[in-house]
Amino acid sequence: MSDADFLLVMMDKEKVQKLVNMVKGIDKDHTGFVTRTELDDILKILCPELMRRDLTLIYRPFASNSNRILIEYKKFFQYLLSSLSQLDDDFTTML
């Protein structure tokens, strides 16, 4: 799956807001990281059409340098919202 395909799947403001809320709910100590498995599980709930192998490629730029299991979700959200706002102005308010 390309980044463009992933963005098309995520072109739902309510879905993105649920993603943000669910991830922030997991990060109780506010480290800015969640595990790859946690993010996989959330995205599979919100977007059942996404496959684990597709997500692995999408997460790669946001994986911790010291630990590839952790995803720096704040950077992931910044990328997601910035990219979506270029496609639809509705997402600009979420930045």
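Of all the criteria given as (1) aliphatic (A, V, I, L, M); (2) under 26 Å from residue 28 (Cα atoms); (3) loosely packed, with under 13 Cβ neighbours inside 10 Å, the one not satisfied by residue 51 is (2).
State yes or no: is residue 57 outside any loop (DSSP other than H, G, I, E, B), surrounded by fewer than 17 Cβ atoms within 10 Å (Cβ to Cβ) and either of a type in the set (Val, Ile, Thr) or within 13 Å of the chain's Cα centre (by Cα) (or both)?
Working: outside any loop (DSSP other than H, G, I, E, B): yes; surrounded by fewer than 17 Cβ atoms within 10 Å (Cβ to Cβ): yes; either of a type in the set (Val, Ile, Thr) or within 13 Å of the chain's Cα centre (by Cα) (or both): yes.
When the stated conditions are applied, residue 57 passes them.
Inspection of the range 13-24 finds a residue satisfying the criterion of being free of Cβ contacts under 8 Å to residues at least 60 places away in the same chain, more than 19 Å from residue 85 (Cβ to Cβ) and among the charged types (D, E, K, R).
Taken as a whole, the structure places residue 80 among residues that are surrounded by 12 or more Cβ atoms within 10 Å (Cβ to Cβ) and within 18 Å of residue 26 (Cβ to Cβ).
Residues satisfying the criterion are absent from the range 1-17 (criterion: over 22 Å from residue 90 (Cα atoms), loosely packed, with under 14 Cβ neighbours inside 10 Å and not hydroxyl-bearing (Ser, Thr, Tyr)). Scanning the range 67-95 for residues that are of a type in the set (A, V, I, L, M, F, W, C), free of Cβ contacts under 8 Å to residues at least 60 places away in the same chain and part of a helix (DSSP H, G or I) yields a total of 2. Looking at the range 18-30, can you tell me whether even one residue there is farther than 22 Å from residue 88 by Cβ and in contact with an Asp or Glu (Cβ under 6 Å, 6 or more places away or on another chain)? Yes, some residue in the range 18-30 is farther than 22 Å from residue 88 by Cβ and in contact with an Asp or Glu (Cβ under 6 Å, 6 or more places away or on another chain).
Taken over the range 22-45, the residue count meeting the criterion of being closer than 19 Å to residue 6 by Cα, surrounded by fewer than 17 Cβ atoms within 10 Å (Cβ to Cβ) and of a type in the set (A, V, I, L, M, F, W, C) is 1.
Since every read-out is calculated from the coordinates, none of them should be taken as a lab result. Note that the structure is a prediction, hence the values are computed from the model and not measured. In this analysis, Cβ positions are derived from the backbone assuming ideal geometry, glycine residues included, and neighbour counts consider all displayed protein chains.
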